[in-house]
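This report refers to the structure that appears directly beneath it.
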Amino acid sequence: MHLENKVVIVTGAAQGIGKAYAAAILNEGGKVVANDIDVERLEAFKEEVGDQADRLSIVASDITSWDATGALVAGAVETFGRLDGLVNNAGLYDVRRVEENDEASIRSQVEVNMLGTMFCGVHALRVMLDQGYGSVINVTSGAMVGLPLRGIYSATKAGSAALTWSWAQDVAGTAVRVNSISPLARTRQLDAAANYLKVDPETLLRNIPPELNACVVSYLLSDAAADINGQIVRISDDVLTLIGKPDIHRPVVKLTEHSYEEIAAAFDSGLRDHLQGVGAPNWSPVGRQGDLAPTRGQ
């Protein structure tokens, strides 16, 4: 039991990867506060865990509310006496071409994926820094590099990575740590993309079950990862890697005049030969068909 008696909040825990994280934490001896807006699925999850139910508290609330996230964190401490971890998993996913976006689709993703992560993180980190220990895990995505049809979602996941790197510096030198996981699995997100593209989901991704990602979260929450802070851990089926920060690329051109002509000369004399590729690896251009409403949860 690697998480014996550790208390962890998991958002978006009613199904999919979030539910897999919560189940794995329970199986490792932890106590879970499972949050989601879907109360029926939360109640079904509590029924499923059987004799582990005494270590599972379910909270149906909306993480886009500052007050609700504060109550979520305070309730975890009140129920179990402490807070060892937070898994910021809840998220919205939307597939549509850039010109098809509207205010509602943009706001919903930004509010859940970014504000929800920020609100939960700030409330949890206040408790953790005060008590002197804790682990926050933000859930990002390979989409952080930028994917077609998912610009808003990609931007929010890049934001989650930036939060991880920033908060990790804020808590450096304490026993609190902030890391991120970039998971890969067959979830409703993949089905949403396949539906938009009118293709079989298997053509986009092999049928990887969400449970294969849970071991990374369990490890990052455990005492064995006490020295790991500010990292983005990518698990892709049977491959485990770390994702590095964006960096300055060479060559570096020294400016003297700061004129249009000097900038043009810099590109013509070398920078143009080092332009960065656009898009993610192994992604094919897609057509312009279909439309899709956002799907909540990871």
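The values are calculated or read from the model by the stated rules, or taken from the named source; none is laboratory data. Values in this document were obtained by computation on a predicted structure and should not be read as measured data. Every residue, glycine as well, gets a Cβ built from its backbone with ideal geometry; the counts of neighbours run over all protein chains shown.
Couple of notes before you dig in:
- The residue that is modelled with the lowest pLDDT, among those in region 197-227 that are loosely packed, with under 15 Cβ neighbours inside 10 Å and either in contact with a Cys (Cβ under 7 Å, 6 or more places away or on another chain) or assigned to a loop (DSSP other than H, G, I, E, B) (or both), is ARG206.
- Matching residues, region 208-230, being of a type in the set (S, T, N, Q) and within 16 Å of LEU86 (Cβ to Cβ): SER218, SER222, ASN229
- Verdict on SER180 being hydroxyl-bearing (Ser, Thr, Tyr), at pLDDT 90 or above and surrounded by 21 or more Cβ atoms within 10 Å (Cβ to Cβ): yes
- Some residue of region 129-145 being in contact with a helix residue (DSSP H, G or I) (Cβ under 9 Å, 6 or more places away or on another chain), at pLDDT 95 or above, among the small types (Gly, Ala, Ser) and farther than 17 Å from ASN88 by Cα: no
For every residue, the table says whether it meets (1) small (Gly, Ala, Ser); (2) within 13 Å of TYR153 (Cβ to Cβ); (3) without any contact (Cβ under 8 Å) to a residue 60 or more places away in the chain.
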position	(1), (2), (3)
ALA90	yes, no, no
VAL95	no, yes, no
GLU99	no, no, yes
LEU115	no, no, yes
GLY121	yes, no, yes
ALA124	yes, no, no
GLN131	no, no, yes
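- Strands (runs of 3 or more DSSP E) within region 17-110 that include 2 or more residues within 25 Å of TYR133 (Cα to Cα) and under 17 Å from the mean Cα position of the chain (by Cα): 31-36, 85-88
- Selection status of ASP102, surrounded by fewer than 16 Cβ atoms within 10 Å (Cβ to Cβ) and at pLDDT below 95: no
- Only one of ALA20, ALA71 that is surrounded by 16 or more Cβ atoms within 10 Å (Cβ to Cβ), out of contact with any Phe, Trp or Tyr (no Cβ under 7 Å at 6 or more places or on another chain) and either small (Gly, Ala, Ser) or at pLDDT 95 or above (or both): ALA20
- Complete set of residues in region 27-57 that are closer than 25 Å to ASP223 by Cα and in contact (Cβ under 8 Å) with a residue 40 or more places away in the chain: GLU28, GLY30, LYS31, VAL33, ASN35
- Criterion: crowded, with 24+ Cβ neighbours inside 10 Å and in the same structural domain as SER218 (by TED's automatic domain parsing) - qualifying residue of GLY91, GLY121: GLY91
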